[in-house]
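Beneath this line is the structure, given in structure tokens, with notes to follow.
The values are calculated or read from the model by the stated rules, or taken from the named source; none is laboratory data. Note that the coordinates shown come from a computational prediction; the quantities given were computed from them, not determined experimentally. Positions of Cβ are backbone-derived with ideal geometry, glycine not excepted, and every protein chain shown enters the neighbour counts. Surface accessibility is based on the protein's heavy atoms, side chains included, excluding ligands, DNA and RNA. Shrake-Rupley method; radii C 1.70, N 1.55, O 1.52, S 1.80 Å.
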Amino acid sequence: MKTLIKSLYFTNLLYYIIAAEVVFLVFGFFFSVVAPFAEYALLIIPVILFVDIIILYANKNGIFGRRNTLDKLSNGDDNFIQIVMENRYLFPARLSVIDEIPFQFQARDTEFNLTIGSGKNKTIEYSVHPVKRGEYSFGALNIFVKSPIGFIQKRYRFSQDMMVPVYPSFLQMRQ
């Protein structure tokens with residue numbers, strides 16, 4: 001139960017549906033024709049939310065993710081980072097991938113949105129450009145998955161606390 005609460009996030013769609021239901025109920029107060037529909041919708045929304053939770057949490061390991069980096073990064077060069085993901089759900093999953101890259105890069109926009117078909121793999125590749133030597137600490141790889149309903153999303157965390165050293169430009173020395 002504790003892991004369910006820690007990994008469960010409501011999406012904006014759920015908040016929009018609830019706001020529309022509130023407006024619907026207000027109109028139902030003034031127009032008696034609308035009231036029964038508003039009350040039925042009030043009963044249906046929690047049922048759909050419960051089904052959405054079951055869809056996402058039925059498969060404990062629905063998404064697998066891994067960050068691939070070099071053993072060391074080259075100072076002053078573009079170093080490529082790969083994120084490999086696998087969808088183990090029975091439906092196409094809409095993912096939002098947030099990579100916690102080291103603070104030295106001052107990048108807060110390492111978010112990728114994509115869809116992966118059922119049983120498929122996908123790889124994201126991006127580059128980082130270190131300008132100082134030292135140790136760079138990568139945080140967790142956070143993958144948020146939405147079901148086809150889209151009321152909630154589940155968070156998966158992978159590749160936590162990875163320390164990668166940065167050496168003088170060894171890529172240019174090899175050339």
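A quick yes/no check of all residues on (1) open to solvent by 30 Å² or more (accessible area, probe 1.4 Å); (2) out of contact with any helix residue (DSSP H, G or I) (no Cβ under 6 Å at 6 or more places or on another chain); (3) at pLDDT 90 or above; (4) of a type in the set (D, E):
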residue	(1), (2), (3), (4)
V97	no, yes, yes, no
Q106	yes, yes, no, no
N121	yes, yes, yes, no
I124	no, yes, yes, no
H129	yes, yes, no, no
R133	yes, yes, no, no
L141	no, yes, yes, no
Q160	yes, yes, no, no
R174	yes, yes, no, no
*Does at least one position in segment 74-85 carry a residue that is free of Cβ contacts under 8 Å to residues at least 60 places away in the same chain, of a type in the set (G, A, S) and surrounded by 12 or more Cβ atoms within 10 Å (Cβ to Cβ)?*
no
*Scan segment 108-119 residue by residue and report those that are more than 16 Å from I83 (Cβ to Cβ) and either open to solvent by less than 70 Å² (accessible area, probe 1.4 Å) or modelled with pLDDT of 90 or more (or both).*
G117, S118, G119
*In segment 117-136, residue nearest to Y167 (Cα to Cα) [restricted to those that are free of Cβ contacts under 8 Å to residues at least 40 places away in the same chain and not polar (S, T, N, Q)]*: G134
*Can you work out which of the residues in segment 7-39 that are among the small types (G, A, S) and either open to solvent by less than 80 Å² (accessible area, probe 1.4 Å) or at pLDDT 90 or above (or both) is nearest to A58 (Cα to Cα)?*
S7
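Name every residue in segment 40-58 that is of a type in the set (D, E) and either on the phi > 0 side of the Ramachandran plot or surrounded by fewer than 13 Cβ atoms within 10 Å (Cβ to Cβ) (or both), in order of residue number.
Of segment 40-58, the ones of a type in the set (D, E) are 52.
Within segment 40-58, none qualify.
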